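Heads up, the thing below is written out as structure tokens.
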Amino acid sequence: MNAAAELASYLDSVGITGEVATPRQDNLRHMRLFLEGNEHLEFGVRLTRTWTLDEVFDLMHERVGTSTDRDHLEGQDTIDAHKCVAALDRFADRFGEAVRTGSRILFATGHPAGLLPVHAALAAAAERGGATVVKVPEGQPFRDGDIRQLFGVLAWHQYGGLVHTHYPEPMRLSLELLASQGAPAPELVVADHGWAGHAASVGIPTLGFADCNDPGLFVSEAEGQLEVAVPLDDNLCPGLYEPMTSYILERAGLA
């Protein structure tokens, strides 16, 4: 069994792909809310055309591997491990290229309890490989909290903890702060949720992770904004992602 097949099997075995914890009813509801422009699900994606619910439904099956049964309204849904690994390959190839050319890379996560260690490991590898991890001055206010950078990764802090967020505003504020200081825009963003959606929508090359209830990033990818959207369950225990992170770094030539 080759490395890709081994990883696909592993991802299914721990629920990163396969029969995932994200329920079918949430996936369907989030498709509708994304199209309605819900503040928690629009992810900062700027649509260039009108999308129908049927088109988004079909796209999620094509890019993620969710069920094609339109009568399946609740219960179990799926993410295809082979689609995930294929996206990870594209992600790793692009990431490795950016590191080798010494790019300025910005990392951010809206899932600090799940994906922060993934982003942190990628940031550390990027720095070792000669890229520049973009630093953003910390403490910028957002709602009842502020934006902080841990291990090179931006996250939203509030009430003494890091917060799960879909909002695109933290990325917008971070990019505006960099511009106000005369710093050039990042040459690549590696992120998820609204952090990724906003960066891609303003024309910054962006790689993102997205769950099966995050249709916005897959639409962004289909529109040619986000370069890669990796389908996976994005909020499992962080240690479960370690083989995936190792796979990315190995393929990117950064292990």
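The values are calculated or read from the model by the stated rules, or taken from the named source; none is laboratory data. For clarity, every value in this text was computed on a predicted model and none was experimentally measured. Please note: Cβ atoms are built from the backbone with ideal geometry, for glycine as well, and neighbour counts cover all protein chains shown. Quick note on the areas: whole protein, heavy atoms, side chains included, nothing else; ligands and nucleic acids left out. Shrake-Rupley method; radii C 1.70, N 1.55, O 1.52, S 1.80 Å.
A compact table of results
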item	result
Which numbered condition Ala229 misses (of (1) more than 20 Å from Glu55 (Cα to Cα); (2) in contact with a helix residue (DSSP H, G or I) (Cβ under 9 Å, 6 or more places away or on another chain); (3) in contact (Cβ under 8 Å) with a residue 24 or more places away in the chain)	(1)
Residue check, Val64 in contact with a Cys (Cβ under 7 Å, 6 or more places away or on another chain) and under 19 Å from Ala196 (Cβ atoms)	yes
Checklist (1) crowded, with 20+ Cβ neighbours inside 10 Å; (2) of a type in the set (S, T, N, Q); (3) more than 18 Å from the chain's Cα centre (by Cα) applied to Ser180, failing item	(1)
Qualifying residue in the range 237-248 (condition: in contact with a Gly (Cβ under 6 Å, 6 or more places away or on another chain) and open to solvent by less than 10 Å² (accessible area, probe 1.4 Å))	no
Lone unmet requirement of (1) closer than 27 Å to Met1 by Cα; (2) more than 15 Å from the chain's Cα centre (by Cα); (3) not aromatic (Phe, Trp, Tyr) for Leu88	(2)
Single residue of the range 64-75 satisfying the filter (in contact (Cβ under 8 Å) with a residue 12 or more places away in the chain and loosely packed, with under 13 Cβ neighbours inside 10 Å) that is nearest to Leu11 (Cα to Cα)	Gly75
Sole residue being modelled with pLDDT of 95 or more, in a helix (DSSP H, G or I), farther than 30 Å from Gly129 by Cβ and open to solvent by 70 Å² or more (accessible area, probe 1.4 Å), chosen from His30, His82, His61	His61
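For every residue, the table says whether it meets (1) buried (at least 16 other Cβ atoms within 10 Å of the Cβ); (2) under 26 Å from Gly15 (Cα atoms).
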site: Val99; (1), (2): yes, no
site: Ala120; (1), (2): yes, yes
site: Val134; (1), (2): yes, no
site: Ile147; (1), (2): yes, no
site: Gln158; (1), (2): no, no
site: Thr165; (1), (2): yes, yes
